[in-house]
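The structure appears below as structure tokens.
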């Protein structure tokens, strides 16, 4: 790759590049959605007559479909409120007060984020389920209590638990970025503490809170694991789609998919309209106000004790999962606490390559998807920000679009679009191949890596790249030696998040996996199906450990600079 | 140092990917089996078959029988499975109608009842799975236990029934399908059937997501009754689960648990050979002894297979079932049940 | 270490961004080894010329030649052009030595050659011993010198300087300017410099091109631009001057004219210079430099006026005089003659011929 070779014909290629990358992204991200919408109308589906609105008509006339839409919406609203109610006060507590063990506790409180959705759900099942540890514990104390972890409340509980972290982290980031001078100014003007909170601190926290709201709301909208495991007859759109597909009503599944996608876009637009400045990046940094020290010894001890209890409660699902993974098969029936503990399940898991394979699959697919998402992200960000124009804006839109698409929707769309061999319209048979799942992971990773890479590149002086170019460096060298090293924090932040998310993915995998690509989550589900709760828990622990390791590495290198 | 770390992690990822991509190519012919039969039987079958055919690598994916159908249909453009191993004939019939199965001719086909064979050889019944009433024997004595389907609607069992979510389960689809087809046969419409199911829904404490949870709940008496099938139940009892079962007095639907070769399979001949072996006395003997499967072919000596086979065959009362009707209407019925019955029977 | 420089030519170059024309058919030749300054207000297109030359922008029309070879289709990396950016654009993750070596490593010399060249360059900018420093540890002036060393290290054919001093403290600028000139001259490289500061252009540039609204107003040496501006824009942009309206009274030989300052027909006419196109009775703008006039408080012949303000700079005092007819004129008085005020007359200094241009339409009566 001599400089001379790269140079010839470069002008044409250079001006074509944005369009090429854009075309790839449209094909990968937008096209499947269009195909699904078209097939919902009976257009282009193999062997199915002319266009018809019949499926839509039956969708709109069925109360159960409306119910599912409505439930999806209010579950998402309530989940967001619940998550905010937990996360925001916690954020204030740990950012504004000097509590003994604050750093460690503060990190522990964020740990639910390292619990992939499915794993969190089964941990909740083991812990708070009808025959979970909690119920058994209480019953063994002679209390005649029983409850069922099903329906809306169960879903809400899991959502609140797994999503408050967004509010917590955003609040902390927002608070730490606030300039203490503003508070001091308010104090000098005679404002009371509550006035300061409501008139100074909270308004300035608004971008952070809006970001967390958007993230939480969109996540609940697409949430699948919790409704799938706990929902029973309580259907939300994601489970409704899977049920329709399972029942062979493909057309209806496509209609539901289209409707959920529309609901997601509408919500996104609405939330953005409410707060146009909505962005996940928090505001400019100043020196945050000093943390409040608790003066009395008692208060300090009380706060520390409270903090540890809280951390304990928040970590109970993790602990339960670990405990369950130590219960050998068929040894625990009616006792309050497992009578036998051992490493049998892990031995089982590690002894056969067939058992380990899903773990390897998850790792390589998540890694490949993340790597590809970083490459595409850097390409798209450079083309978009450095060239600008219409393709530039479209590129950025395409990178963020998948973020608004629930996983179930995209998985179904991809499966629908890529099950037909029609290369001239951009459709290839990818279903059943090794590639479709990593490709789906890639799409789901794009907004995660894209967001941080775009933000990072925006802050990077474009002159640096020009300097490298004028010094004789080609495009590749400029990216590798200048852009990537300088974007490192942004790349690691985005890639870490993408890797963790894809490692535990369940909703896309359940639609698209094959024998060769079955990931951990599918193995967990099938272990549960055949009563191997111990194995399922052991896989869950494995996933939790992998995610936590990635999260800690990520937090370590990127967190401080986010 | 910092860049070295990144580089190392990238190299690791690529190496891991290469390792994974590289493995699995041990020279044996892969034979992919989609099956709802569960790890127990599948492991036994895999090991035994690979012993007789060392050149074949049996790879199975375990999932609900309805999921098998969904998956094979989704993969129609690029079939991944070679063998569709298990599931009620009604589901395989639907697959056959949609062209998901390819004809085969196992040597044991002649030993089957004509009703257990697809006329074009697309699938064959391998095992018979009676549907039964299962109860926790610590909570309910044998005398108290419901003797027939209708007894489940008794007031005393209110909120005591747990049911495997019927959408994903071929067994439950068969049981519900029989209720509805009987209703059509007897009353000319599904009204009565849905009414019965609505009452059952009223008795139902919970629909659970997997047989595992079903058994767990039954064991722990979070619900003491269920409608399920015999094979699974026998193996649980064998493992010491505190449960017992009853063949309903009025007769029961016996699920024709079938096998077929997936259309478009890359190794049709291997799949057919596997099918042929599955129905051999040797393989059936394994299934009977290790996994409590009741063979469909009638030419084997029950006593030789296992003592329990003869016992079951003597007690079992087969009901007349209009399989054709269930096959044709099953999907619509279940969709209707899902939207109009589930959760509506309470009160 | 002087290299024989190469010529740089803009041949009828045009460039527009969207609908805004930034350069309209500019032609310019920079001689080999010359330091050429592009001077102009912001938005005049000077930075665009530099970026076109570097290859960061593509021209719409015309040709660009370096050493008589068309380069407009070459990517930046292959033009052999070194650039010193206004922000320096030093790579913050690399050390001083690594920054300087960046352009050398691209060219795949041996390790020894690279090290030797880096040492040579750092010595040239007097930063030997700073090799392992991180960029953030350097002062602004040091950063500028690293950037210069980095730009020069790969032996570019042409050096481009984009507002090289604007990021420095005013106190440092003067010293750095001399330094920069010395270093660049030492290498003998053809250099194009962009600046919006006349002083900077005058001190660094051997020749200057003055740009306005996408076109070259005048090209010439500093003295030529100052003494013989080709347009009213040049006159006002280069150095200070007050514009007074007048009417041509008489033409003399060469380019000399007698101009009656229109507002005060009773005052003695001024001796001015103007192009041959100006005819008698033409309305003109006369650009009066502060040092070309004197004021006298004691009365006498001249334009009567009133002293409005005084500004003392050390070597001169500048007076703003409101002429009786309305406009103001700025007058420089050498020395520390402070404290003048009240009524005065402004008269032309002998031998100083103000430049005269056809009156701009809007300045008519």
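The conditions of being surrounded by 21 or more Cβ atoms within 10 Å (Cβ to Cβ), touching a helix residue (DSSP H, G or I) at 6+ places or on another chain (Cβ under 8 Å) and either closer than 20 Å to residue A:463 by Cα or outside the structural domain of residue C:208 (by TED's automatic domain parsing) (or both) are not met by residue C:45.
Please find, among A:432, A:456, the residue that is within 14 Å of chain C (Cβ to nearest Cβ) and under 28 Å from the mean Cα position of the chain (by Cα). Residue meeting the stated conditions: A:456.
Region A:57-170 holds helices (runs of 4 or more DSSP H) entirely within its bounds, and those carrying 3 or more residues that are within 30 Å of residue A:201 (Cα to Cα) map to A:63-96, A:102-109. Residues that are assigned to a helix (DSSP H, G or I) and more than 17 Å from residue B:291 (Cα to Cα): does region B:249-269 have at least one? Yes, region B:249-269 contains a residue that is assigned to a helix (DSSP H, G or I) and more than 17 Å from residue B:291 (Cα to Cα). Filtering C:330, C:308, C:352 for residues that are touching a residue at least 40 places away in the same chain (Cβ under 8 Å), under 31 Å from the mean Cα position of the chain (by Cα) and surrounded by fewer than 18 Cβ atoms within 10 Å (Cβ to Cβ) leaves a single hit, C:352. When residue C:51 is tested against (1) buried (at least 17 other Cβ atoms within 10 Å of the Cβ); (2) free of Cβ contacts under 8 Å to residues at least 12 places away in the same chain; (3) out of contact with any helix residue (DSSP H, G or I) (no Cβ under 9 Å at 6 or more places or on another chain), only condition (3) is not met. Only one of the numbered conditions (1) within 12 Å of chain C (Cβ to nearest Cβ); (2) surrounded by 24 or more Cβ atoms within 10 Å (Cβ to Cβ); (3) modelled with pLDDT under 90; (4) not in a loop (DSSP other than H, G, I, E, B) is violated by residue A:468, and that is (3). Scanning for something touching a residue at least 24 places away in the same chain (Cβ under 8 Å), within 13 Å of chain A (Cβ to nearest Cβ) and at positive phi, does region B:211-229 turn up at least one residue? Scanning region B:211-229, I find at least one residue that is touching a residue at least 24 places away in the same chain (Cβ under 8 Å), within 13 Å of chain A (Cβ to nearest Cβ) and at positive phi, so the answer is yes. For residue B:93, state whether it is away from chain A (no Cβ under 13 Å) and not in a loop (DSSP other than H, G, I, E, B). Spelling it out, it is not the case that residue B:93 is away from chain A (no Cβ under 13 Å) and not in a loop (DSSP other than H, G, I, E, B).
Of everything listed in (1) buried (at least 24 other Cβ atoms within 10 Å of the Cβ); (2) within 12 Å of another protein chain (Cβ to nearest Cβ), the single unmet condition for residue A:474 is (1). One residue is enough: does region B:59-66 have a residue meeting the conditions assigned to a strand (DSSP E or B), more than 8 Å from chain A (Cβ to nearest Cβ) and either closer than 20 Å to residue B:232 by Cα or at pLDDT 90 or above (or both)? Within region B:59-66, one or more residues are assigned to a strand (DSSP E or B), more than 8 Å from chain A (Cβ to nearest Cβ) and either closer than 20 Å to residue B:232 by Cα or at pLDDT 90 or above (or both).
Residue-by-condition table, conditions (1) modelled with pLDDT under 90; (2) more than 12 Å from residue C:60 (Cα to Cα); (3) within 17 Å of the chain's Cα centre (by Cα):
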{"residue": "C:1", "(1), (2), (3)": "yes, yes, no"}
{"residue": "C:4", "(1), (2), (3)": "yes, yes, no"}
{"residue": "C:7", "(1), (2), (3)": "no, yes, no"}
{"residue": "C:13", "(1), (2), (3)": "no, no, no"}
{"residue": "C:23", "(1), (2), (3)": "no, no, no"}
{"residue": "C:28", "(1), (2), (3)": "no, yes, yes"}
{"residue": "C:35", "(1), (2), (3)": "no, yes, yes"}
{"residue": "C:39", "(1), (2), (3)": "no, yes, yes"}
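Of the residues A:359, A:366, A:413, A:336, the single one that is within 14 Å of chain B (Cβ to nearest Cβ), surrounded by fewer than 16 Cβ atoms within 10 Å (Cβ to Cβ) and on the phi < 0 side of the Ramachandran plot is A:336. Restricting attention to region B:67-85, the residues being in a helix (DSSP H, G or I) and either within 7 Å of chain A (Cβ to nearest Cβ) or without any contact (Cβ under 8 Å) to a residue 24 or more places away in the chain (or both) number 3. Scanning region B:144-203 for residues that are within 14 Å of another protein chain (Cβ to nearest Cβ), closer than 28 Å to residue B:68 by Cα and part of a helix (DSSP H, G or I) turns up B:170, B:171, B:172, B:173, B:176, B:177, B:197, B:198, B:200, B:201. Looking across region A:471-489, just one residue is in a helix (DSSP H, G or I), over 32 Å from the mean Cα position of the chain (by Cα) and free of Cβ contacts under 8 Å to residues at least 60 places away in the same chain, and that is A:477. Residues that are more than 10 Å from chain A (Cβ to nearest Cβ) and either surrounded by fewer than 24 Cβ atoms within 10 Å (Cβ to Cβ) or outside any loop (DSSP other than H, G, I, E, B) (or both): does region C:86-95 have at least one? Looking through region C:86-95, at least one residue is more than 10 Å from chain A (Cβ to nearest Cβ) and either surrounded by fewer than 24 Cβ atoms within 10 Å (Cβ to Cβ) or outside any loop (DSSP other than H, G, I, E, B) (or both). What single numbered condition from (1) away from chain A (no Cβ under 14 Å); (2) part of a loop (DSSP other than H, G, I, E, B); (3) closer than 21 Å to residue C:155 by Cα fails to hold for residue C:41? Unmet condition: (3). Residues in region C:58-78 that are at pLDDT 90 or above and more than 19 Å from residue C:16 (Cβ to Cβ) were compared, and the one that is nearest to the other protein chains (Cβ to nearest Cβ) is C:71.
The residue list A:190, A:174, A:129, A:232 contains one member that is at positive phi, at pLDDT below 85 and surrounded by 19 or more Cβ atoms within 10 Å (Cβ to Cβ), which is A:232. Being touching a strand residue (DSSP E or B) at 6+ places or on another chain (Cβ under 8 Å) and over 29 Å from residue B:70 (Cβ atoms) is a property that does not hold for residue B:279. Restricting attention to region B:99-117, the residues that are closer than 17 Å to residue B:265 by Cα, in a loop (DSSP other than H, G, I, E, B) and under 20 Å from the mean Cα position of the chain (by Cα) add up to 1. Return yes when residue A:211 is touching a helix residue (DSSP H, G or I) at 6+ places or on another chain (Cβ under 9 Å), on the phi > 0 side of the Ramachandran plot and surrounded by fewer than 24 Cβ atoms within 10 Å (Cβ to Cβ) and no when it is not. Considered against the rule, which asks whether it is touching a helix residue (DSSP H, G or I) at 6+ places or on another chain (Cβ under 9 Å), on the phi > 0 side of the Ramachandran plot and surrounded by fewer than 24 Cβ atoms within 10 Å (Cβ to Cβ), residue A:211 comes out as no.
The values are calculated or read from the model by the stated rules, or taken from the named source; none is laboratory data. Since we're looking at a predicted model, the values are computed, not measured. We place every Cβ from the backbone using ideal geometry, glycine too, and count neighbours over all the protein chains shown.
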